[in-house]
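Read the structure below first, then the notes.
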Amino acid sequence: MRATIMYKAGDVRVENVPDAGLLESTDAVIRITRACICGSDLWPYKELEPVADGRPMGHEAIGVVEAAGVDVRRIKRGDLVVMPFAYSDGTCAFCREGLQTACEHGGFCLRSGWIEKELRANFARASRAERRAAKAEPRAAFAAYRFQERALRIELTNGATITLPVKLISALNGASPKDLRAVEVLGRGGDLHWEDLDLHLNVPGLLSSLFSGPEWLAEFGRIGGRNSSAAKAAAARRNGARAAARPPVRVRIP
């Protein structure tokens, strides 16, 4: 039979592939008469990385049943059917409530093994993006709540230290000092988390919202590098390097 295969972004081919067959007693084989393009086909068309054996396209169609397994009860050979992206058996509690995409016995119309491969590829792309962001964005090395100042102290990985009054962070308004002291740094310094408050704040997002734009964030990256100190010089001698770690710089918001 003929199938549409994508090998990389923009590279789509129509090729001969082995004929479909019944693998399970609940399967049906459909002769496709009409097919359509889904948004999930268009995303990889723009950004899919090269795939040696190709990625099959197409998972929504209209067709005629050519064969049905012995446990198939509601359709038979010759029936005209619609094939959605997600398949379901119509018998579980979710299906009876109209939630067929959550079927306990269902799944999605992709070639076996492709979902796992796609997940691995997406995870690798996300990991690379995370590493790039970690170099360019302000990240937290340490965070603590200071009761006397009613403020959150955030030490950034670039050496700057920021003291943020809690009143400026609307999500923390009304929180007790005990809950505020339980702040944790997560995600390579990209996030602050309060377990009991069920609250998660993104550090770059928080700082950009308070400091009005990317210019402030870029300034954090430049502050330490253009200043010298005895501590910086000592660190350079100790490490045998020409440049040392940036010295702490305190930035306070009134």
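The values are calculated or read from the model by the stated rules, or taken from the named source; none is laboratory data. Being a predicted model, the structure only gives us computed values, none of them experimental. A quick note on method: Cβ atoms are made from the backbone with ideal geometry, for glycine too, and the neighbour counts reach across all protein chains shown.
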(message) Among the residues that make up the stretch 18-36, is at least one of them closer than 30 Å to Ala124 by Cβ, touching a Phe, Trp or Tyr at 6+ places or on another chain (Cβ under 9 Å), loosely packed, with under 13 Cβ neighbours inside 10 Å and not charged (D, E, K, R)?
(response) no
(request) Select from the stretch 131-163 the residues that are of a type in the set (Ser, Thr, Tyr), over 28 Å from the mean Cα position of the chain (by Cα) and more than 19 Å from Ala182 (Cβ to Cβ) and list them in ascending order. (result) Thr161
(message) Being under 26 Å from Thr4 (Cα atoms), surrounded by fewer than 15 Cβ atoms within 10 Å (Cβ to Cβ) and either modelled with pLDDT of 80 or more or not charged (D, E, K, R) (or both) narrows it down to one residue among Ser88, Ser127, Ser112; which is it?
(response) Ser112
(request) Determine which single condition Thr101 fails, assuming it passes every other condition in (1) in a loop (DSSP other than H, G, I, E, B); (2) assigned by TED's automatic domain parsing to the domain that holds Pro44; (3) at pLDDT 80 or above. (result) (1)
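Here is a yes/no grid of residues against (1) of a type in the set (Lys, Arg); (2) farther than 30 Å from Arg128 by Cβ:
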residue	(1), (2)
Arg2	yes, yes
Ala35	no, yes
His59	no, no
Pro84	no, yes
Arg96	yes, yes
